[in-house]
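Student: Structure below; questions to follow.
The values are calculated or read from the model by the stated rules, or taken from the named source; none is laboratory data. Please read all numbers here as calculations on a predicted model, not as lab measurements. For neighbour counting, all protein chains shown are included, and Cβ atoms are generated from backbone atoms with ideal geometry for every residue, glycine included.
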Amino acid sequence: MDHPLIDLISAKIAEAERNGEFDNLPGAGKPLPRLEDPENALLRRVMEENGAEPEFVTLSRQLRALRAELLEESDRDRRHVLMKDMSMMEARIALARKGWTG
């Protein structure tokens, strides 16, 4: 079954073609770029255009901060807490990365 607006959509496309709205578009005549992850290409592009980042990137940044804090910490109990937090963060990163790549 066709979309109920297919005739209107086709008419609008034909009108745009007649008006030259598809002439001289960037990349015209060139092959589409190869995508590593075509299922998530749109999501990745929208995220990139809006300055968003995958959760595992954010978590990795937080892990680096914890590691830096651990290097500066001398209190044994606090170091133990930081190492526990780092271990949990590494697990969260692994899960987020797995969810991102499928």
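Student: Kindly indicate which of G29, G20 is out of contact with any Leu (no Cβ under 7 Å at 6 or more places or on another chain), at pLDDT 90 or above, farther than 30 Å from S87 by Cα and of a type in the set (G, A, S).
Tutor: Working: G29 fails: at pLDDT 90 or above.
After ruling out the rest, the residue left standing is G20.
Student: Among the residues in the range 21-34, are any surrounded by 10 or more Cβ atoms within 10 Å (Cβ to Cβ), part of a helix (DSSP H, G or I) and among the aromatic types (F, W, Y)?
Tutor: No, the range 21-34 has no match at all.
Student: Identify, by number, the condition in (1) at pLDDT 90 or above; (2) farther than 27 Å from A91 by Cα; (3) not in a helix (DSSP H, G or I) that S74 doesn't meet.
Tutor: All conditions pass for S74, except number (2).
Student: For the range 46-58, how many residues are within 13 Å of W100 (Cα to Cα) and either touching a residue at least 24 places away in the same chain (Cβ under 8 Å) or surrounded by fewer than 10 Cβ atoms within 10 Å (Cβ to Cβ) (or both)?
Tutor: 3
Student: Cβ-Cβ under 6 Å, sequence separation 6+ or interchain: first residue in the range 22-45 and more than 27 Å from K12 (Cβ to Cβ), partner of a type outside the set (S, T, N, Q) and surrounded by 10 or more Cβ atoms within 10 Å (Cβ to Cβ). Which pairs?
Tutor: Final answer for the pair search is L35/A41.
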